[in-house]
1. Give the whole-number value, in cubic angstrom per residue, of the convex hull volume spanned by the C-alpha atoms of the range 66-148.
2. If I histogram all Cα-Cα distances within the range 29-181 using bins 5 Å wide from 0, what percent of pairs lands in each bin?
3. Once the principal axes of the Cα atoms of the range 119-169 are found, what is the range along each, listed largest first in whole angstroms?
4. Please count, across the range 1-149, the pairs of lysine residues with Cα atoms under 12 Å apart that sit 8 or more places apart or on different chains.
5. Which shape class applies to the range 85-125: rounded if a/c is under 1.5, otherwise prolate when a/b exceeds b/c and oblate if not, where a ≥ b ≥ c are the square roots of the Cα gyration tensor eigenvalues?
6. Restricting to DSSP H runs of at least four residues, report the calculated mean residue ellipticity at 222 nm for the chain, -39500 (n - 2.57) per run over all residues, nearest 500 deg cm²/dmol.
7. Distance between the C-alpha centers of the range 64-91 and the range 93-136? Whole Å please.
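Here, each number is a calculation from the coordinates, and none is a lab measurement. From a predicted model like this one, the values you see are computed outputs, not experimental measurements.
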Amino acid sequence: MLNTMDSLVLIIDIQEKLMAMLNQGIKEQMLNKAPKLVHAARILGINTLVTEQYPKGLGSTIDEIKRELSEYHPMEKTAFNALMEPGYAETIKSLGKKQVIICGIEAHICVYQTAAKLLEEGYEVFVLKDLCASRNKVEFECAMDLLKSLGAKITCLEIVLFEWLKTAKNPCFKEIQGLIK
């Protein structure tokens, strides 16, 4: 079970040009749900880290996410596995969290490689299926299947939010519930 004290949110490359390549339905879902994840994490005091794959070519993180972050300090990368970037594995380790909630674009490349490495490093990885995307549905499904076979927990935003809350008596319940209504 997820625990707010052990959780870390990792947003992989939800950038302007990558979003533009997605089909309209997936793009709308990401635009709707990604800010809710970041907002909920902020309410609950959960660290959120953001990566950007080659931002000079692919643009920056979408404004809908930036607006919800208390601080915007993306980690620029060219490696598909974010943990290959100098200092990034250490940054994650320094936060002292065991559970990584991961989402982003493209599911079969950067999300997959980063999540696989996190699993190898001993983290419990929760992949938000409804907040991951690839340009191609077959590649997306392949990524989800591979990650599940490696031990990742394939989940979705509402499951994560209510696991974090645990009970309707949580002082943040109404505010979090208001995000998904």
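1. 108
2. Histogram of Cα-Cα distances, whole percents per bin: 2, 9, 18, 22, 23, 16, 8, 2, 0, 0.
3. Taking the Cα atoms of the range 119-169, the three principal extents are 41, 26, 13 Å.
4. For the range 1-149, qualifying lysine pairs total 6.
5. Numbers: a/c = 1.92, a/b = 1.46, b/c = 1.32.
Note, shape of the range 85-125 comes out prolate.
6. When only DSSP H runs of four or more count, the value is -12500 deg cm²/dmol.
7. 13
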